[in-house]
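To start, the structure under review is shown below, and the notes come after it.
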Amino acid sequence: MPVSLLWAVDVYGRVYSLSTAGQQWEQCRDAQMEFKRVTAAQQCCWGIACDNNIYLNVHASDLPVRYQEETYENQRWNPVDGFSDRLLPSDRWQLSDVTGLQHQPLDNFRLPSSSWEWEGDWYVDENFEGEPTEKEGWSYAIDFPATYTKDKKWNSCVRRRRWLRYRRYKAMDTWAKIPSQQTTLPDPFSDISCGGWEINEEPRGRLSLWAVSLQGKVWFREGIYHHNPEGSLWEEVPLPGEVVQISCGPGDLVWAVLWEGQLIVREGIGRDCPKGTSWAMVDSPSPDVGATHVAVGVNVVWALTKDNKVWFRRGVNSHNPCGSGWISMVGEMIMINVGLNDQVLAIGSEDRAVYFRQGVTSSELSGKTWKVISVPRDGDRSHSSASSLVSDVESDTEKGSTDGASCIITSSSPESFVDAPTEHSDQPIETPKSRIPKVTSDSFISELVSDRGPGKTSREVRSAGPASVGPLDPQWSNVDLEEAQGQQAQTGAVVDTADTSSLSSVATFTLAMEDPYGVDEHPMWAWVSGGGCSVDSHTQLNWFNSMVQSVQSMSLSVTPAQTAAWRKQIFEQLSERTKREMDNFRHYEQAIEQSVWVKKGTMQWWRDWKPHKWIDVHFALEQFSGPEGNKDGILFIYYNFYEEKKYLHAFVNEVTILVPVLNDSKHSFAIYTPERTKQRWPIRLSAATELEMHDWLALLSVSCCDSRGIQGPPSKQAIWSITCKGDIFVSEPSLSLEAMPYPTPCDQMFWRQVGGHLRVVECNSIGIVWGIGYDHTAWVYTGGYGGGFFQGLASSTDNIYTQVDVKNVYIYENQRWNPVTGYTNRGLPTDRYMWSDASGLHECTKTNMKPPSPHWTWVSDWTIDYSVSGGTDKEGWQYAADFPASYHGHKTMKDFVRRRRWARKCKLTTTGPWQEVPPIPLSDVTILPCAAQSSVDVVPLWAISNKGDVLCRLGVTALTPAGSSWLHVGTDQPFKSISIGAASQVWAIARDGSAFYRGSVSSQSPAGDCWYHIPSPSKQKLKQVSVGRTSVYTVDENGNLWYRQGVTPSYPQGSSWEHISNNVRKVSAGPLDQVWIIADKVQGSHSLSCGTVCHRLGVQPLEPKGQSWDYGIGGGWDHITVRGNSMEPPRVHLPSLTERTPLPVRNTEINSSAVGC
Amino acid sequence: MADDKDVLRDVWFGRIPTCFTLNQDEVTEREAEPYYLLLPRVSYLPLVTDKVKKHFLKVMKAEDVEEMWLEYEGTPLKWHYPIGVLFDLHASNTVLPWSITVHFKFFCPLVAKKLQYRDLLHCTSNSVIEAHFMSSIKEADALKHKSQVVNDMQKKDHKQLWMGLQNDKFDQFWAINRKLMEYPTEEGGFRYIPFRIYQTMSDRPFIQKLFRPVSPEGNVHTLGDLLKEMYPAALPNDGEQKRYQVVIHGIEPLLETPLQWLSEHLSHPDNFLHICVIPTPTD
């Protein structure tokens, strides 16, 4: 799980964040002033500072926030001037938006705020619908508005071209003021809440931001999304009363608290209307005591009442945002917040500590207990009462309750530094409780004052206060001033009361002096926001340790167990022991003779003869030691054939792969041998329970690996592949795998499973392996093996981590139009099910649909999916003339059926040798395939983010395969596939299906300089590219495999595409220019298979396209990468006809060095 | 960096080169050749000495044969201690191979004095060892998991543990034994560490008490912590010459080694951590 942040503000207005991986609060040092409130999302944090302005802190990401400004230049032809900007009076502006209605000269574009900068100057876009245009980027048409083409025709009377300019958001990781609209916002903001990112994923990074003003009005910030993080304007939302506080969940829940203590719920929030339409009223949980605070998540609402009681709202969901009733919960809290995954955070009313609600799961949303987050703040340790100005500002932050209140004034008006600090550094400390400022729905600074004891906040104190304060920022009210001076007076008063205070408070005092982390010294919090904090009930957090323990575990992390001296000692001594006790005595006889070991069990077998069905069989694995001490075994399947006992057997050393096939009805797996692969008909067995199946699989895998002498992690040359279930398999290439003319047949390759769940895996020949999950998370291979069901010995321990993947399950709702009722779910008898899979052949309803296997669990409810190709209408419907047909997103006269897709997310948690590479989700990745000179040499690695950005990873070496950071490579359009060849040639495919070549990529210029547009094969949209040593292969959306002709070092773009094959799903070209694909429709002797690994035969330097295909493991394969295999095969000299040599002479000279780089 | 799993293999495949010689007092028909064998450290003597017995019976008359028992430099070797423990306890720091004397008669003067040993030396069949081995595993699991894991196992799993040991099948044994080595991550270890501390200097067979892998404050207990509590004399005093060696599987782990890790990786197949405290050799 990626590291994310919990944000909080302490009672002195200092902003802190706590990382999910961290053990201390980090102060946000760049906050220029104190903050009242913060509200976080994963990508940013909003806050109200004490100047009552709203500030935004966008977390730095390797992916810059770039906004593309565009304007169109329009021209008309006339016989005198040719094309010129002299347009007809009825025409559009010379420079306009795409519709022509808006006048948009270049110098009209302004940066929206000081947080932005221009990336460069205006330039002409020379791409038109995936095709390169002539030099000046014009596209032509008969008239405005009409269809434009890139070619000028005889009747082209008008032309236009697009100008582009990018601006970049520069205020990353810092608090940047949101420019305020003084005219529309007379009164300052007092509360703020962001959320709503789950309502609509388009535009990317969309957020809802709600704010409350001091007068009780509610405002909604329009237009916040990734490319416009600040949003565009505030819009007032009409209200039934005056609001004091508001809370917006990640989904469609928005609740607010009214002055009178009731709550209001926003209704009508949806995809098309994130702002909602109306308010519904909900009574306070307690009839006598009004509500003061509310916090909402996806499916939960928590509230607090004036007496600090905590309430949980029953029955809240998207259809019923108001819920059904209140349940009283344990605890007394002053503030409450719901973070991601409906996790709950609160601030205790007594101790002002931040509490985390433990045990909140989707089935138990109210959780179990409150647990205090007890971690130190940064700098707590270096606490000192130095009297210098600078250090005092810092130590103020650490002293917390002792003198922190005065910090508010010292740092808010810098002039007062001069006087304030030294005053109190030696003063005794009062027990802090009595001075905890109370934060309720009101502005917290003013509450600071009103909450204090009688007499201490009076104006008289101000004049009597010892601190003489310099000129003040006018925005700072007197209230704040009073606070500080009152504080001074108060600390002065403590000196007097100290003598009379009880013994216990004296004891507390001394304790606090000796140990600055004593219980009474813990930070006082005012506000907390978990909206950016990705934790769930399973997350291991280090937030709850006592101070002592956290220090210990920190020091442990400095010397992890792997490098500990004791561990080294044990390894060394064991190897010494082996030398001492065994090495000289190897000739001695072993006391125990190795014997046959049999494991038996019962299973079901998918019988070979028709009618095929599962039958009960006895299954046995016999293991024995082979003649050379190697282990071997035989599998037996004992079955009854017409009352006759028969058996089927397979030698363990002939098994090429064990494939788990888990679904909700069967715990089955498939066993392949070369013969079975040819037949496309594996031995399919099913165990009674999942556990039993995993035990067998683990045992059989060990047995297969033993018989082939394979153990430990995959080699650097290994071939990686992924099935359509996301299972990962790896194969060790034999030296003769790429031999000519007699390569190892593909069906003899042995595959073993590696734990984890991925959609894409890419590797290179120095052992750098990256993967991408179904949820687009990037993963880097750790060098381990096993994981998943390989518990125990077939698995390494050090490099195995938890891996989580999320994917969507889809079902379709189908309707037919009839003249009486319009569209209904009553179809014709010949029609498909009303709720079905994509094909319409299988009934799939919301209730009967199960996650893909027992390993997956639902993590969301069914939602309408709008991101279907072809587009949808506002309700997600796609229309067509009839089932099955091509669908479009709007209704026409000819349409009689419609369907819409529903999606539901499910999650898988497994283990494997993979570590996450946060934070950017990816859709493709490629690594320079050949060997680097040394383990510290930087290896080029390129990737495409799931939004289509091109990225270049910096700092990737054999020692640090995860690299350090992303470098963003600018493009004018989103991309979907990328590949880098052995000579650093980078090819990529854009989303529109065209190809691009990146110029001038070298070790000096790892990101290259510009994109060259390469037209795609005629009428085909490309979808994937792979570049080997020299060859470039692409696959298009219709399954054609293309080879790039004419690629030479001096002309790396090549000249044309040559068709190689069809029915191809994916291609991988390796550092030997070897070509492997995943092919569909491979005919075996018993069955047809889709998703089959195939190897191109006959690839030679002079014949790079090869001759034919050799078929390997499948079906159900989805991805393969051979880019790790750089082992040159042994050269075989063919007998020439003129030579006398009767037989081919095998030359054993082996050249395993990397090729061509 | 080597993997922790390799330790399990090294422990399992530890072998002690041994030379068996027949006791001088035994009556033989012709001279008995010594017999050389690699003994698995984690096994038990009766499981691995069938070949020895056969070898010496060839030179003896049937009527002269009672039970076979073994002795090293005057110390009878108990069958129910793992072989590695016997070696570490009695024969550490000696020249290899380990020289064991084979006896076939009980009325020799050595044993006559110590008749109480008879039961400890006399092992009628492998089923006795099996029972002993399984009861050790159950006892260990009682300490580690309140017996929950071992009780959840099926009879065939128990059998597989035993067969794994008997036939020296590492994979077979560990396929089951790994379940006994699991623990909830949030607890940081087993409930109690099953350990036994052996010493040559005392008549007490061994020390075995309750000891947790993690202190109530959450600190990880180390081998040193265990010894401090159970056998402080084994630890060197400040500035003093080391008087004792703390040996597990023939090696001396550092005292700061976490006890939980030791229990998971250096336990014998019976799931106990057998720790030998022996005097440091003087030379």
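The values are calculated or read from the model by the stated rules, or taken from the named source; none is laboratory data. Please read all numbers here as calculations on a predicted model, not as lab measurements. Ideal geometry is used to build each Cβ from the backbone, glycine not excepted, and the neighbour counts take in all protein chains shown. Please note that ligands, DNA and RNA were not included when accessible areas were found on the heavy atoms of the full protein model with its side chains. Shrake-Rupley method; radii C 1.70, N 1.55, O 1.52, S 1.80 Å.
When only the Cβ of Lys, Arg, Asp and Glu is charged (+1, +1, -1, -1), the dipole of segment B:150-259 relative to its Cα centre reaches about 540 debye. Accessible area per residue (1.4 Å probe, heavy atoms of protein chains only) ranks B:GLU139, A:GLU260, B:GLU130 as A:GLU260, B:GLU139, B:GLU130, with the largest value leading.
In terms of packing, defined here as the mean over residues of other Cβ atoms within 10 angstrom, the peptides A:65-73, A:354-362, A:1003-1011 line up highest first as A:354-362, A:65-73, A:1003-1011.
By the Stokes-Einstein formula, at 1.002 mPa s and 20 °C, segment A:62-173 with its Kirkwood radius over alpha-carbon pairs has D equal to 140 µm²/s.
Per-residue surface analysis assigns A:SER328 an accessible area of about 70 Å², computed on protein heavy atoms at 1.4 Å probe radius. Ranking A:LEU841, A:LEU954, A:LEU88 from most to least accessible surface, computed with a 1.4 Å probe over the protein chains only, gives A:LEU841, A:LEU88, A:LEU954.
Given charges of +1 on the Cβ of Lys and Arg and -1 on the Cβ of Asp and Glu, with all other atoms neutral, how large is the dipole of segment A:659-757 about its Cα centre, in debye to the nearest 20?
Details: 9 positive and 10 negative charges, 48 e Å.
It comes to approximately 240 debye.
Measuring between alpha carbons in the structure, the pairs from A:LYS371/B:LYS209; A:LYS150/A:LYS1019; A:LYS947/A:LYS1019 lying more than 23 angstrom apart are A:LYS371/B:LYS209; A:LYS947/A:LYS1019.
The aspartates and glutamates whose alpha-carbon is closer than 14 Å to the alpha-carbon of A:LYS1066, local same-chain residues fewer than 8 away aside, are A:GLU762, A:ASP924, A:ASP1036, A:GLU1037, A:ASP1080, A:ASP1118.
Taken about its Cα centre, segment A:837-978 carries a charge dipole of about 440 debye when Lys and Arg each add +1 at the Cβ and Asp and Glu each add -1 at the Cβ. Computed over segment B:7-63, the percent of Cα pairs more than 16 Å apart is 50. Among the listed pairs A:LYS678/A:LYS725; A:LYS368/B:LYS179; A:LYS725/A:LYS1081; A:LYS599/A:LYS907, those with a Cα-Cα distance over 24 Å are A:LYS368/B:LYS179; A:LYS599/A:LYS907.
3J(HN,Hα) along segment A:651-662, derived from phi through the Karplus expression 6.51 cos²θ - 1.76 cosθ + 1.60 where θ = phi - 60°, amounts to 6, 4, 6, 9, 5, 9, 6, 10, 10, x, 10, 9 Hz, with x in place of Gly and Pro. Summary of the geometry: segment A:723-749 and segment A:659-675, compared by the centres of their Cα atoms, lie 20 Å apart.
Across segment B:119-241, the fraction of Cα-Cα pairs farther apart than 22 Å, rounded to a whole number, is 50%. Taken over segment B:175-228, the alpha-carbon convex hull comes to 109 cubic angstrom per residue. Between A:GLN973 and B:HIS132, the FRET efficiency estimated from the beta carbon spacing at R0 = 60 angstrom works out to 0.20. Counting only other chain Cβ atoms within 10 Å of each residue's Cβ, the peptide B:77-89 averages 0.
Chains B and A together bury roughly 4400 Å² of accessible surface, counting both sides and using a 1.4 Å probe on protein heavy atoms. Distance from the alpha carbon centroid of segment B:251-283 to that of segment A:803-875 works out to 61 angstrom. Note on A:ARG1029: accessible area approximately 60 square angstrom, rounded to 10, probe 1.4 Å, nucleic acids and ligands left out. Over chain B, DSSP H runs of length four or greater, each weighted -39,500 (n - 2.57), average out per residue to a 222 nm ellipticity of -10000 deg cm²/dmol. Averaged over the residues of peptide B:4-15, the number of Cβ atoms from other protein chains lying within 10 Å of each residue's Cβ is 5.
Distance from the alpha carbon centroid of segment B:163-204 to that of segment A:938-971 works out to 46 angstrom. Placing unit charges on each Cβ (+1 for Lys and Arg, -1 for Asp and Glu) gives segment B:138-283 a dipole about its Cα centre, and among B:PHE195, B:GLN166, B:PRO232 the Cα reaching farthest toward its positive end belongs to B:GLN166. Taking all protein chains together, B:LYS144, B:LYS105 sort by accessible area into B:LYS105, B:LYS144, largest first [probe 1.4 Å]. For the segment B:168-179, counting C-beta atoms of other chains within 10 Å of every residue's C-beta and taking the mean gives 4. Taking all protein chains as they are arranged and a probe of 1.4 Å, the heavy atoms of A:VAL659 leave approximately 20 Å² accessible to solvent.
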